[in-house]
Amino acid sequence: MANDTRRGRSSSRQGSNANENSSYYGQQGYDANGNPYYGQQGYDANGNPYYGQQGYDANGNPYYGQQNGQTGPSYYGPQGYGYDPQGNYYNQQDNFQGNYGEGFYGAPGGAAQERSRQGAMAKKKKKKKKLLWIPAILVLLVAAVGIFGTAMLGKLDRQKLSDILINSGVSESGYRNIAIFGVDSREGELESGTRTDTIIIASINKKTGDIKLVSVYRDTYLDNTDDHYRKATEAYANGGADLAVNMLNKNLDLDIEDYITVDFEAVIEVVDELGGVEVTLDDEEVYWLNAYLVETSEVTGRSYTEVTSSGTQTLTGIQAMAYCRIRYTTGWDYKRTERQRTVLTQIFLKAQQQGITSLISVVNNMLPYVYTSLSNTDLISLATGISKYNIADSQGFPFESTTATISSADCVIPQTLATNVAELHELLYDDTEYTVSSTVQEISDYISSVTGVY
């Protein structure tokens, strides 16, 4: 009688069961203790859902499907929700092909058939089926991510570059160069009108996935593309990403066609989303980090906690932003760009550790603080392929330089620009015999003549 009650089909819609300890009524039956006992959503004597459309066994495991299988060591039907006594899962195909051990299997009508006679052979088939499920699930996951990602990225502030300037003869087909600009924005201006505290060239080796990061010092004296020589940081303020990218291409013999611009909020948001970044601080940096926290909090409206000691520790978003802004320590702006690359590298490493769901959340929350030329396809490709990338090197440009006052402004002067550009191409592309273009050579000669720096 106990087995009959588990099937949930032994009573009529009205009336009682012959079991003297329990009463059962219709589709929603109850036992003598008032617990729902069977029907479409049945329960066993312990209060566990027992059978119906989503059946469970005595251990709380899903037990059988819409068409209940027969009682015994394991039960399941055409929908394949069953488990055997060892907790092994049986999919729909198993219902017709049998299983191993003590399990039973259900025919299309859900009736129990016979014990499997296949034994270990069926067990191997089952394992093979599990492996075949994996690529199908991954395909569905990628499709879902693509659809959801495209919907999210529709909110992104995007502007393609126009009239890209690339010096004659410059082409590095095996690499992709992307400019990263960090603007000192107080009002969320990402398009132009704000100087760039951060100018980073991210060069990606398409074959190996190696990424090399090069910071261009903001005060570097260069041609802003219109034969007006200024600090590199002024290009974005005067002409946005178009002028800033062309300034990099013209002065450094590059072929950049895409950019990403972020502000304070983007750095804070992504670091917090990733659970902080690990950084090693000295006493001097602790002092200035806390000093910058005050203004950064005023600009962003975010609260902060001061850093109390030096050493290796995990910084919050606003602490990491303050750290990136420090320039009044030994090393001055050179050291500041190193800090910026350190935080960017840590963000990259933390992002690689994220599951796809977490990474989607991070990207979604950052969108309001990003301005870029990259397409949805580009961004989804970079995000889903993040595991194959590796930050192989990180340096500042120019490699050899000095400082000089030009028009009442302290500038970084390359020694010489042509020499530094040749060294840049060796770093980025392993080209030890690179000869700079005639355009770069002319700019280099002009800077030397004006500044007296050779």
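Pairs, please: C-beta under 8 Å, at least 6 apart or cross-chain, first residue assigned to a helix (DSSP H, G or I) and in the stretch 274-286, second aromatic (F, W, Y)?
Close Cβ pairs (under 8 Å, with a partner that is aromatic (F, W, Y)) amount to E285/Y323.
With the structure loaded, tell me whether Y446 is farther than 22 Å from S215 by Cβ and in a helix (DSSP H, G or I) or whether it fails that test.
Working: farther than 22 Å from S215 by Cβ: yes; in a helix (DSSP H, G or I): yes.
For Y446, the condition - farther than 22 Å from S215 by Cβ and in a helix (DSSP H, G or I) - is met.
On the basis of being among the polar types (S, T, N, Q) and in contact with a strand residue (DSSP E or B) (Cβ under 7 Å, 6 or more places away or on another chain), does T330 make the cut? Lay out the reasoning, then the answer.
On the way: among the polar types (S, T, N, Q): yes; in contact with a strand residue (DSSP E or B) (Cβ under 7 Å, 6 or more places away or on another chain): no.
For T330, the condition - among the polar types (S, T, N, Q) and in contact with a strand residue (DSSP E or B) (Cβ under 7 Å, 6 or more places away or on another chain) - is not met.
So, in the stretch 391-416, exactly how many residues are charged (D, E, K, R) and either open to solvent by less than 30 Å² (accessible area, probe 1.4 Å) or more than 19 Å from T233 (Cβ to Cβ) (or both)?
Quick first cut of the stretch 391-416, residues charged (D, E, K, R) only: 393, 400, 410.
With either open to solvent by less than 30 Å² (accessible area, probe 1.4 Å) or more than 19 Å from T233 (Cβ to Cβ) (or both) added as a condition, the list becomes 393, 400.
Residues that pass the stated criteria total 2.
On the basis of being outside any helix (DSSP H, G or I) and surrounded by fewer than 21 Cβ atoms within 10 Å (Cβ to Cβ), does T305 make the cut? Before you say what the answer is, go through the steps one by one.
On the way: outside any helix (DSSP H, G or I): yes; surrounded by fewer than 21 Cβ atoms within 10 Å (Cβ to Cβ): yes.
Yes: the conditions hold for T305.
Those residues that are free of Cβ contacts under 8 Å to residues at least 12 places away in the same chain and not charged (D, E, K, R), I need them from the stretch 316-348; list them, please.
Pass one, the stretch 316-348, residues free of Cβ contacts under 8 Å to residues at least 12 places away in the same chain: 327, 331-332, 335.
Matches in the stretch 316-348: G331, W332.
Taking the options Q340, Q354, Q346, Q319, name whichever one is assigned to a loop (DSSP other than H, G, I, E, B) and under 28 Å from I201 (Cβ atoms). Please lay out each step first, then the result.
Details: Q340 fails: assigned to a loop (DSSP other than H, G, I, E, B); Q346 fails: assigned to a loop (DSSP other than H, G, I, E, B); Q319 fails: assigned to a loop (DSSP other than H, G, I, E, B).
Checking each option against the conditions leaves just Q354.
Residues in the stretch 278-296: is at least one open to solvent by 10 Å² or more (accessible area, probe 1.4 Å), modelled with pLDDT of 95 or more and closer than 30 Å to D378 by Cβ?
yes
Can you name every residue in the stretch 310-360 that is open to solvent by 50 Å² or more (accessible area, probe 1.4 Å), among the small types (G, A, S) and either farther than 22 Å from I211 by Cβ or at pLDDT 90 or above (or both)?
Scanning the stretch 310-360 gives a single hit, S310.
Could you please give the count of residues in the stretch 221-238 that are touching a strand residue (DSSP E or B) at 6+ places or on another chain (Cβ under 9 Å), surrounded by fewer than 22 Cβ atoms within 10 Å (Cβ to Cβ) and not charged (D, E, K, R)?
Matching residues across the stretch 221-238 total 4.
The values are calculated or read from the model by the stated rules, or taken from the named source; none is laboratory data. Predicted, not measured: the structure shown is a model, and the values here were computed from it. Please note: Cβ atoms are built from the backbone with ideal geometry, for glycine as well, and neighbour counts cover all protein chains shown. What goes into the accessible areas is simple: the full protein's heavy atoms, side chains included, and nothing from ligands, DNA or RNA. Shrake-Rupley method; radii C 1.70, N 1.55, O 1.52, S 1.80 Å.
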